Amino acid sequence: MSNEPLVIRRRGEDGSKIITVRIKEDILAALDKIAAESNYSRNELINTILRYGVENLEIK
């Protein structure tokens, strides 16, 4: 058995920030449906979609 301490970080110290965003109701409904079908939380799903968008965005 390890004698290493259990380290618990304060919320927000994982590089995440809490923000407020306005989302159209139809988009939110679609996100909630996808989240339910995929067993992802809404937050995980939004972060996945945003990361993909940022990494694959092309500005012309």
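In terms of accessible area, using a 1.4 Å probe and ignoring ligands and nucleic acids, T48, T20 rank largest first as T20, T48. Note on exposure: K60, K24 ranked by accessible area (1.4 Å probe, complete protein assembly) read K60, K24, with the most exposed listed first. Read through the labelled values [x] 1.39; [y] 2.41; [z] 1.60 and report the label of the one computed as Cα Rg over 2.2 N^0.38 Å from the structure. The value computed from this structure is option [z].
Taking GluC sites (Glu not before Pro) in DSSP loop conformation with at most 14 other Cβ atoms inside 10 Å as exposed sites, the chain has its longest uninterrupted site-free stretch at 14-57. Per residue, the solvent-accessible area of the chain (1.4 Å probe, heavy atoms of protein chains only, all protein chains present) comes to 110 Å².
In the complete set of protein chains, residue-level accessible area for I19 is approximately 130 Å², probe 1.4 angstrom. By the helix-only formula, in which each DSSP H run with n ≥ 4 contributes -39500 (n - 2.57) and the sum is divided by residues, the chain has a 222 nm mean residue ellipticity of -15500 deg cm²/dmol. Remark: the range 1-58 carries a charge dipole of roughly 280 debye about the Cα centre, counting +1 on each Lys and Arg Cβ and -1 on each Asp and Glu Cβ.
The values are calculated or read from the model by the stated rules, or taken from the named source; none is laboratory data. Being a predicted model, the structure only gives us computed values, none of them experimental. Reconstructed Cβ throughout: ideal geometry from the backbone, glycine too, with neighbour counts over all protein chains shown. All accessible areas refer to the heavy atoms of the entire protein, side chains included, with ligands and DNA or RNA removed. Shrake-Rupley method; radii C 1.70, N 1.55, O 1.52, S 1.80 Å.
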